[in-house]
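Quick notes on the structure that follows.
Derivation of every value follows stated rules applied to the coordinates shown; laboratory data play no part. Please read these numbers as outputs of a predicted model, since none were measured by experiment. A quick note on method: Cβ atoms are made from the backbone with ideal geometry, for glycine too, and the neighbour counts reach across all protein chains shown.
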Amino acid sequence: MPEPSERFEPGSVLIRRADREAGDGKLRPCVVISSAARGHDETAETVLVVPLTSDTDGKQRLPMPVIAPDPGNGLLQRSAAMCGRVSCIRKARLNERIGTIHPQELRRVRLGVAAVIGLADLLTAASIERASRP
């Protein structure tokens, strides 16, 4: 198991229980999008994460960038980042790290979150175009 400081690095892929009140409670991979400083801060009880879903047509688009499986990220299927479902979750609920996504993929996820929460006006068209490339 990775050290706690590594476990919550931006781009870490962790397993968490789905948090729907009436949902199935299944385990779901998610990506840490919080800053490295927050992930390393032992007094910070929470981090921001974006859940992943394998229910995807495989096309790259914001706000649900697709991440291909590879040995480094631990994913078994192509997965879309559900940027509209970003959540603040207790570190204690994120105890299994399966891998890390590439920095370019983390950038696409963060851009997707920015678009969903209305920060797209702060982004240039060029940065969105770069991030949506496979």
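Working note: Karplus 6.51/-1.76/1.60 with θ = phi - 60° gives segment 64-74 the couplings 10, x, 9, 10, 7, x, 7, x, x, 9, x Hz, where Gly and Pro are set to x. The fewest-to-most ranking of Glu105, Glu42 by surrounding Cβ atoms within 10 Å reads Glu42, Glu105.
The amide H of Arg28, built 1.01 Å from its N in the peptide plane, has Arg16, Arg17, Ala18 as neighbours under 5 Å, considering only residues 5 or more places off or on other chains.
Placing dummy labels 7 Å off each Cα toward the beta-carbon, the span from Lys59 to Leu27 is 3.3 nm. In a shell of Cβ-Cβ distance under 11 Å around Ala68, excluding Ala68 itself, what net charge do Lys and Arg (+1) and Asp and Glu (-1) give? Here the count lands on -1.
Computed from the Cβ-Cβ distance with R0 of 22 Å, the FRET efficiency linking Asp41 to Ile15 stands at 0.50.
Residues Leu14, Leu48, ranked from the fewest to the most other C-beta atoms within 10 Å, line up as Leu48, Leu14.
The phi torsions of segment 100-106, fed into the Karplus equation with coefficients 6.51, -1.76 and 1.60 and a -60° offset, translate into couplings of 9, 7, 5, x, 5, 5, 4 Hz, rounded to whole numbers, with Gly and Pro shown as x.
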